[in-house]
Each structure stands twice: as structure tokens, then as C-alpha cells.
1. Could you please find all residues in the range 141-178 being among the polar types (S, T, N, Q) and modelled with pLDDT of 85 or more?
2. Go over the candidates P106, P181 one by one and state the one that is over 30 Å from P71 (Cα atoms) and modelled with pLDDT of 80 or more.
Amino acid sequence: MGLIADVFGLVFGRQSNALRETLEVFRENAEAGAARAHDMQSAALSQLAAEFQYGGKSRFDRFMDGVNRLPRPLLALGTLALIGASLSDPVWFAARMQGLALVPEPLWWLLGVIVSFYFGARHQVKSQEFQQGLAASMARVPEVAENIAALERLRADAPAVAATSTDAEARLDATAAENNPALEAWKARRG
């Protein structure tokens with residue numbers, strides 16, 4: 001009986017519990033883990049509370065804290081403003097977007113890097129060749145200029161926008177009979 005008591009004492013413990021200690025190597029003790037998580041969360045909240053106490057901060061520090069909080073709301077509100085502009089004056093908006101088409105691709109990459117670093121990204125996946133992007137942008141200049149001119153002709157205040165004359169060619173094209181080989185074959189089989 002003494003041997004069995006010694007084995008049970010070794011496994012389930014008198015002072016130390018070998019079974020529990022062995023299991024804790026493979027699985028975290030839930031109670032101890034919860035206590036550590038509570039301590040870590042309390043420390044984080046204390047640090048956050050200390051960071052936002054303005055008692056010892058100068059006016060400049062408070063101003064810079066305010067400035068640092070602006071980019072996200074400005075990006076969101078700016079996007080909503082662009083949507084509103086596209087709805088209120090589509091021709092104006094389209095002309096501005098055509099202007100954006102002239103921005104060289106490396107500048108877009110640079111803007112992407114700045115924004116992604118600001119919002120937490122720490123690396124950029126691709127690298128671009130500046131000359132290739134600039135050449136591609138410059139090749140689009142005539143097309144963009146033509147698009148802007150076409151958009152300007154669509155303005156409601158442009159002359160002859162609401163011309164009421166008839167377009168005889170368009171009317172003839174709409175009423176002209178088409179050559180349809182399938183219809184011809186169907187008619188031939190039927191009758």
C-alpha cells in the first residue's frame with residue numbers, strides 16, 4: 001500500500017504535481033494565461049491613459065496630436081466629396097480625372113508608399129522604373145487632350161448642344177433593311 005501511495009503522491013503531488021507540470025509543457029495553464037493576459041491589458045490601458053493626459057503637454061504637442069489625427073478623416077471625407085462632385089457636375093469631374101491620367105505612374109507608386117507607410121505597411125512589393133512610367137504618361141497626353149476636348153463639347157452651356165435639327169443619315173441607318181443570311185435561309189425553307 002505504501003508503494004501505491006508513493007506513486008499516487010508522485011503523479012498527483014504532495015508538494016509538486018508531476019502530471020500537471022508535464023501537461024503544462026504541452027498546453028498552457030488557462031488560469032495562469034488569463035492572469036497574464038489581464039496584467040498585459042491593464043498595463044496597455046494604463047499606458048494609453050497616460051498618453052492622453054494633457055496635464056504635462058505643451059500647446060505644440062497638443063496641436064501635433066490633433067494634426068496626427070486628421071489624415072484618416074480627411075481621406076474619407078475627401079472620397080465622399082469626390083463622389084458628390086461626380087454627381088453634381090460629371091463633366092467637370094471627368095475633366096479632372098483625365099488630368100489625373102497624366103500623373104506619371106512612379107508618382108502613384110510614391111503616393112502608395114507614403115500612404116501605406118503612414119497606415120502601417122512596412123514594405124512595398126513592386127519597384128517601378130521612372131523613365132518607363134514617364135514615357136507611358138507622356139504617350140497618353142494627346143488622347144487625354146482629345147478626351148478633355150470631347151468632354152468640353154458635352155457641356156450644357158456649349159453652343160449647339162441642344163440643336164433640334166434632324167439627322168437624316170442616322171434615321172436612314174435606323175430604318176434600312178439589314179442583310180441577315182440566317183433570316184434569308186429560314187424564309188427560303190418556309191416558303
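1. Initially, the range 141-178 is screened for residues among the polar types (S, T, N, Q), giving 147, 164-166, 175.
Matches in the range 141-178: N147 only.
2. On the way: P106 fails: over 30 Å from P71 (Cα atoms).
Going through P106, P181 in turn, the sole match is P181.
Residue-wise test of (1) under 21 Å from the mean Cα position of the chain (by Cα); (2) surrounded by 12 or more Cβ atoms within 10 Å (Cβ to Cβ).
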position	(1), (2)
N68	yes, no
R72	yes, no
L77	yes, no
A81	yes, no
G84	yes, no
S88	no, no
V91	no, yes
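The values are calculated or read from the model by the stated rules, or taken from the named source; none is laboratory data. Keep in mind it's a predicted model, so treat the numbers as computed, not measured. Note that we place each Cβ from the backbone using ideal geometry, even for glycine, and neighbour counts take in every protein chain shown.
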